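As structure tokens, the structure follows; a few thoughts come after it.
The values are calculated or read from the model by the stated rules, or taken from the named source; none is laboratory data. Being a predicted model, the structure only gives us computed values, none of them experimental. A quick note on method: Cβ atoms are made from the backbone with ideal geometry, for glycine too, and the neighbour counts reach across all protein chains shown. Accessible surface is based on the protein model in full, side chains and every heavy atom, while ligands, DNA and RNA are left aside. Shrake-Rupley method; radii C 1.70, N 1.55, O 1.52, S 1.80 Å.
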Amino acid sequence: MPISRAARRATRRLGAVALAGALLAACGSGSSGSTADKNGKVTITIGLFGTFGFKEAGLYKEYERLHPNVTIKESSTENEADYWPALQTRLSGGGGLADIQGIEVGRIAAVTQQQSDKFEDLSAFGAKSLKSDYSAAKWAAATTSDGRVMGLGTDVGPEAICYRSDLFKKAGLPTDRAELAKKWATWDDYLKLGEQYQAKAGAKSRWMDSVGSLYQLIVGQQKERYYDASGKLIYDKNAAVKSAWDTSVKAAKDGLSAKLAQWSPAWNQAFSSGSFATIGCPAWMLGYIKGQAGAKATGTWDVAPLPGGVAGNWGGSYLAIPKGSSHAKQAYDLVKWLTAAPQQEKLFKKQGGFPSNLGAIAGVKDVKDPYFSNAPIGELFGKAAETSPVQVLGVHDQDVTTQITNALGEVERKGTSSSTAWGHAQKGVDNAVG
Amino acid sequence: MMTLTATAPARAARPPAPLRRCLAKLSPYAYVTPFFALFAAFGLFPLLYTAYVSLYRVELQAPGEMQWRGLGNYTALFGDEYFWTALRNTFTIGVISTVPQLLMALGLAHLLNYKLRGRTLFRVTMLLPYATSVAAATLVFAQLFGRDFGLINYLLGLAGVQPVDWQSGTLASQIAVSSIVIWRWTGYNALIYLAGMQSIPADLYEAAELDGASRWRQFLHVTLPGLRPTILFTVVVSTIGATQLFGEPLLFEGNMSGGISHQYQTLGLYMYQEGWGFFHLGRAAATAWVMFVLIVLLVLVNTAIARRRTRKEAQR
């Protein structure tokens, strides 16, 4: 008897300890990465993915010069597919959030529809006055149904094709942009030209980096991809997705791909080794190519308009401020400055991310890039941005893309049949959507 | 005797007898409380809470909104072919990594048990891989196993072998991942075997030598039987390690699906993908429980085998 009483007491004590532990854990979370000391000096942290190019274009230094009390610290994850899960963990209470977080356009619907309570409403800082700076679509995508503004647009991703003119020359292909654009009027033409290239170049160099990136290029030309306007997931019934898939499978079967998974170390190395001659080139890819291929490759790359007759969009981003930042106002000032027309203009000239700010688009019309053999990138991407379709966005856009490109990777690297791989993609999407 | 002499002089200062008796009965519990309190907070509570969560649909984006799903997470899990792939992968990678690892460790320990010049240096060197971080080791191995520019394919090329796609091939990728595990843990196991070997009395070897047993026969009939408990220990530890394998497959290509067709996705990685890739915390919790049950089963099988062994030995 006394034992059982003692045991009961012990359990009660255990319960109290467990509760205290839980409470402590609850208090400990949600710290912000930023700090401000007594002299009014503020450190603003900014978490990004890929290459936004703010640092490379010297924008942080400039802002720090203009605001001597501000220090900016950037942390960047190369692959957005790694960045987003980490951000989710932090948002749900893991701590370690930056004052400013980059959001890819494929995720912005998840933010506005599912997580609007986790980010600051930027209209509280006066963001609504900036609405006229952006295209209606770019603005609307980051606005919740009740009118809260979740982020300010950085860049958009008008598509083109980047190609190695030196390799083209060696393989006896034309190297002139206009001539190429005419030669690859359709995607089939593009693949045919690829076969011509492949016949000359041999196994060491392939026509494209991966069929996954080819797929994303093609599907970027569509208005409706994975969701219909009512928000229903329709990717497996969408003929346009199917056709993009089929073209990609054909490219894989024809041996036109270097079979490099995008964002992998091997893919990065291949930029300088010449393992592929063309790559799908949303404007933000320009900066990535410069970073990977390096200064010694200046003049070997060039840019030409997209096959398929229609402009397309792949990617683009927003900057958002998670709730709980201890100086959201200063963070907002930085976001506003980074996304303002003069800075977006500068960014495009130095790095290549195409401005989403209408004021900046007008300013970059005549930009040519010496790195890309003086290609008129301002005109080329400007035209593409103007005419590319306004895409219907959905919560799981990025998940669907990942699953489909993974499945295409199976086709090109393991020789899996198209129908089996498509089944895997569907299975993966089912798992991801839950 | 002891109690009599101890209690007699202290009677005046101590609390009355019934209370004292009660305290004496309670004190053992007080001593074990810290452990059980910690275990309850960090072991039992998470375990039970995981079971609770596994019955709901919970998404990482909104952990507060829980939707009753009953056993739905479990049926979805068992209906998912990738779960079975992960289970199979865990097993095959476990075998590919553990068996050669333990055999090599045994051989190495045997060699290091001889009187060698610079023996301490060799022993310390063996432990170095174990001291390396998983992430660093995996990233280096991923480079070595690169398809186009990797050192291993380059060497194979010198020998006239076609380049192997160490990332997408099922067997190839599993061998590559296993090699990281083998590299890291062989030295550790060798040291444990070495310690076991040194506790085998030297006169056994002398007696065997007098009987004219060769080195090999000594190894078979003296070393191995003497090492049996040590071997059992390393097998159990390696089995648990193999069931939980996570860091190496996650970092090998840096994706949660364990390769484009899940070809080297282990159970740990599968659970991680469910929870932190797809944000389905309920599904991840269900996976965790299935893994828990699996490990308990494995341990039971291990104990049963060990017990049967000892019983057999006792009968001898």
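Where the accessible area of the protein assembly as shown is counted over protein heavy atoms with a 1.4 Å probe, how much of it, in %, is carbon and sulfur?
Its accessible area is 62 percent carbon and sulfur atoms.
Could you tell me the center-to-center distance, by alpha carbons, between the stretch A:104-155 and the stretch B:63-118 in angstrom?
With the stretch A:104-155 and the stretch B:63-118 each reduced to a Cα centre, they are spaced 44 Å.
Note the angle between two axes, namely the Cα long axis of helix A:418-433 and the longest principal axis of the Cα atoms of chain A, as a number of degrees from 0 to 90, rounded to the nearest 10.
Rounded to the nearest ten degrees, it is 20.
Between B:ALA314 and B:PHE42, what is 0.36 nm times their sequence separation minus the Cα-Cα distance? Round to one decimal in nm.
My answer for the length gained is 93.9 nm.
Convex hull over the alpha-carbon atoms of the stretch A:279-351: what's its volume per residue in Å³?
Enclosed volume per residue, from the Cα hull, is 140 Å³.
Top to bottom by accessible area (1.4 Å), largest first, where do A:HIS396, B:HIS280 land?
Descending accessible area places them as A:HIS396, B:HIS280.
Per residue and in Å³, how big is the convex hull formed by the alpha-carbon atoms of the stretch A:36-155?
So the per-residue Cα hull volume is 129 Å³.
Among B:TYR114, B:VAL32, B:LEU171, whose Cα sits farthest toward the positive end of the charge dipole of chain B (+1 at Cβ of Lys/Arg, -1 at Cβ of Asp/Glu, about the Cα centre)?
B:VAL32
Once amide H atoms are built 1.01 Å from N in the peptide plane, which residues 5 or more positions from A:SER135, or in another chain, come under 5 Å H to H?
A:LEU358
Work out, in µm²/s and without decimals, the Stokes-Einstein translational diffusion coefficient of the stretch B:39-79 at 20 °C, 1.002 mPa s, Rh from Kirkwood over C-alpha pairs.
Estimated via Stokes-Einstein, D reaches 193 µm²/s.
Which net charge results for the neighbourhood of A:THR387, defined as the other residues with beta-carbon distances under 14 angstrom from its beta-carbon, given Lys and Arg at +1 and Asp and Glu at -1?
-1
What are the residues whose amide H is under 5 Å from the amide H of A:GLY220, where those residues sit 5 or more places off or on another chain and H is modelled from the backbone?
Residues meeting the amide H criterion: none.
What is the helix-to-structure angle for A:341-350, meaning the angle in degrees between its Cα long axis and the longest Cα principal axis of chain A, kept from 0 to 90 and rounded to the nearest 10?
Computed tilt is about 50 degrees.
Could you sort the residues of the stretch A:390-430 by number and keep only those whose accessible area is reduced by 50 Å² or more in the all-protein-chain setting relative to the chain alone, 1.4 Å probe?
A:ASN406, A:ARG413, A:LYS414, A:LYS427
Among A:GLY58, B:THR98, A:TYR371, pick out the residue whose Cα is farthest towards the positive end of the charge dipole of the protein assembly as shown, where Lys and Arg carry +1 and Asp and Glu carry -1 on C-beta, about the Cα centre.
About the Cα centre, the residue reaching furthest to the positive side is B:THR98.
Dividing the convex hull volume of the Cα atoms of the stretch A:129-181 by its residue count, what figure in Å³ per residue is obtained?
122
So, in nm, how far is label B:SER199 from label A:LYS427 when the simple model puts each one 7 Å beyond its Cα toward the Cβ?
4.7
Quick one: pull the percentage of alpha-carbon pairs in chain A with a separation above 35 Å.
Working: 31087 of 93961 pairs.
Roughly 33 percent, rounded to a whole number.
Students sometimes get this wrong: rank A:ASP366, A:ASP254, A:ASP228 by accessible area, probe 1.4 Å, all chains present, largest first. Don't skip to the end; give the middle numbers.
Details: A:ASP366 130, A:ASP254 60, A:ASP228 35 Å².
Greatest to least solvent exposure: A:ASP366, A:ASP254, A:ASP228.
Only protein chains counted, 1.4 angstrom probe. Which residues of the stretch A:252-277 are at least 50 Å² less accessible in the assembly than when their chain is isolated?
So the qualifying set is A:GLN269.
Give me the accessible area buried between chains A and B, both sides summed, with a 1.4 Å probe, in Å² rounded to the nearest 100.
Answer for the A-B pair: about 3100 Å² buried.
On the principal axes of its Cα set, how long, how wide and how thick is the stretch A:191-258? Give whole Å, largest value first.
Over the stretch A:191-258, Cα extents along the principal axes are 48, 15, 14 Å.
As a test question: what accessible area, to the nearest 10 Å², does B:ARG184 have when a 1.4 Å probe is rolled over all protein chains in place?
B:ARG184 exposes around 20 Å² with every protein chain in place.
A:LYS350 to A:SER417: extension gain in nm, 0.36 nm per residue of separation minus the Cα-Cα distance?
Contour length minus Cα-Cα distance gives 19.8 nm.
Under 5 Å between amide H atoms, partner at least 5 residues away or on a different chain: which partners does A:SER76 have, H built in plane at 1.01 Å?
A:LEU48
For the stretch B:80-315, what is the charge dipole size about the Cα centre, in debye to the nearest 20, if Lys and Arg each add +1 at the Cβ and Asp and Glu each add -1 at the Cβ?
On the way: 16 positive and 12 negative charges, 148 e Å.
Result for the stretch B:80-315 is approximately 720 debye, rounded to the nearest 20.
Leaving ligands, DNA and RNA out of it, work out the accessible area of A:LYS55 with a 1.4 Å probe and give it in Å² to the nearest 10.
120
Apply the Karplus parameterisation 6.51 cos²θ - 1.76 cosθ + 1.60, with θ equal to phi minus 60°, to every residue of the stretch A:390-397 and state each ³J(HN,Hα) to the nearest whole Hz, in sequence, with x for glycine and proline.
Once rounded to whole Hz, the list reads 7, 7, 7, 9, x, 4, 9, 3.
Once both axes come from the Cα atoms, what is the angle between helix A:105-114 and the longest principal axis of chain A, in degrees from 0 to 90, rounded to 10?
The answer is roughly 30 degrees.
Dipole size in debye (nearest 20) for the protein assembly as shown around its Cα centre, Lys and Arg Cβ +1, Asp and Glu Cβ -1?
Working: 74 positive and 55 negative charges, 646 e Å.
Dipole magnitude for the protein assembly as shown comes out near 3100 debye.
Over the heavy atoms of A:GLU379, what accessible area does a 1.4 Å probe trace out, to the nearest 10 Å²?
110
So, for the stretch B:68-188, what is the accessible surface per residue at a probe of 1.4 Å, expressed in square angstrom?
Averaged over the residues of the stretch B:68-188, the accessible area is 54 Å².
Using unit Cβ charges (K, R positive; D, E negative) and no other charged atoms, how large, in debye to the nearest 20, is the dipole of the stretch B:16-138 about its Cα centre?
Rounded to the nearest 20 debye, it is 920 debye.
Would you jot down the residues in the stretch A:87-136 that end up with at least 10 Å² less accessible area in the complete protein assembly than in the chain alone, with a 1.4 Å probe?
Buried on complex formation: A:GLN88, A:THR89, A:SER92, A:GLN114, A:GLN115, A:LYS118.
For the stretch A:288-434, just say rounded, prolate or oblate: build the C-alpha gyration tensor, square-root its eigenvalues into a ≥ b ≥ c, call rounded for a/c under 1.5, and beyond that prolate if a/b exceeds b/c, oblate if not.
Oblate, since a/c reaches 1.5 and b/c is not below a/b.
Rounded, prolate or oblate: which fits the stretch A:174-329 when a ≥ b ≥ c are the square roots of the eigenvalues of the alpha-carbon gyration tensor, with rounded for a/c under 1.5 and prolate only if a/b beats b/c?
oblate
Over the stretch A:386-434, give the accessible area per residue in Å² for a 1.4 Å probe, as an integer.
It amounts to 34 Å² per residue over the stretch A:386-434.
Out of B:GLN61, B:PHE279, B:ILE192, whose Cα points farthest toward the positive end of the dipole of the protein assembly as shown (charges: +1 Lys, Arg; -1 Asp, Glu; placed on Cβ)?
B:ILE192
Does the stretch B:80-315 classify as rounded, prolate or oblate by the C-alpha gyration tensor (a ≥ b ≥ c root eigenvalues; a/c under 1.5 gives rounded; else a/b over b/c gives prolate, otherwise oblate)?
Judged from the Cα gyration tensor, the stretch B:80-315 comes out oblate (a/c at least 1.5, b/c at or above a/b).
Quick one: among B:ILE93, B:ILE200, B:ILE182, which has the greatest mean-square fluctuation in a GNM of chain B with alpha-carbon springs under 10 angstrom?
Ranking B:ILE93, B:ILE200, B:ILE182 by mean-square fluctuation puts B:ILE200 first.
Mind listing P(r) for the protein assembly as shown? All alpha-carbon pairs, 20 Å bins, whole percents.
14, 40, 31, 12, 3, 0
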